[in-house]
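What follows is calculated from the coordinates using simple rules that are stated; it is not laboratory data. Owing to the predicted nature of the structure, the values given are computational and were not obtained by experimental measurement. No Cβ is skipped: glycine too gets one built from the backbone with ideal geometry, and neighbour counts run over all protein chains shown.
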Amino acid sequence: MTSTALALANPALVLTGPVGSLEAYVERVSSIPMLTREQELELARRFREHQDLDAARDLVLSHLRFVVHIARGYLGYGLPVGDLIQEGNVGLMKAVKRFDPDMGVRLVSFAVHWIRAEIHEFVIRNWRLVRIATTKAQRKLFFNLRRMKKNLAWLSDEEARAVAGELGVEPREVRDMEQRLAARDLSFDPAPDADEEETTASPSLYLPSPEADPAAAIEQEQWEGTVSGTLAAAIEQLDARSREVIRARWLAEDKRTLQDLADQYGVSAERIRQIESAALAKLRTALG
């Protein structure tokens, strides 16, 4: 059963976040009694072994206060705390679904990962219109760089290297993320009533029209045609096996691996690599 289905199966589980006053919500979840280890284990086993949704509800409700605490740690990203709490509560419900009472740890320790994961995804999706963190290294930088910077000034080279060393990334990645964090979103096409600064800064004003220079377009088309014809002629000058290797490795839609071709021709992958390198060298000479 999905976490959404779990929530809908019992109305009490729809308490996924503040829908009115945040203070009232915090007061309400803080008044829910915390579970002892024995109570938590009993409820977890009831849910895991018998799909007891009442037990799941009690586990979720008793841990909502921890979600509030974790969500407040992300206030610096300018997103509504109510939304952060809602996303964290989704992570909590996922954690309850996956929690194994025989692991020997408390649910709150297990749930922290799921709560933070949901909040992280929400922050990444909504902090900027254009995603600024897509790789694992970029996500690590996004959530740690501002915390590690000692002031609002740009990092020195030494500081950038220190941050890179601590996070296990390259210094250039630190610089790149620092620039992304400092940037601000711009509307591509500002509204008619936008102020002068927003209008003059619109990216659309700096994009040339594709038809701006017909002569350049024709010249580019002719050059590409010449190169394409020269390349085709050069490929035809290769021996049959070299042609097949080049086409399979570089020109086919579904490119083949060295080992695939090695199996086809009954040779080693290294031999195919040598044939490929020699053929590419001939093609470069022909195009030079």
I need the full set of residues from region 79-119 which are of a type in the set (Asp, Glu) and touching a Lys or Arg at 6+ places or on another chain (Cβ under 9 Å), in order please. ASP100, ASP102, GLU118
Determine whether SER31 is free of Cβ contacts under 8 Å to residues at least 24 places away in the same chain and of a type in the set (Ser, Thr, Tyr). yes
Qualifying positions in region 264-275 - farther than 14 Å from ARG241 by Cβ and either touching a Cys at 6+ places or on another chain (Cβ under 7 Å) or of a type in the set (D, E, K, R) (or both): GLU270
Working only within region 249-288, note down all residues that are of a type outside the set (Val, Ile, Thr), in a helix (DSSP H, G or I) and closer than 19 Å to SER228 by Cβ. ARG249, TRP250, LEU251, ALA279, LEU280, LYS282, LEU283, ARG284, ALA286, LEU287
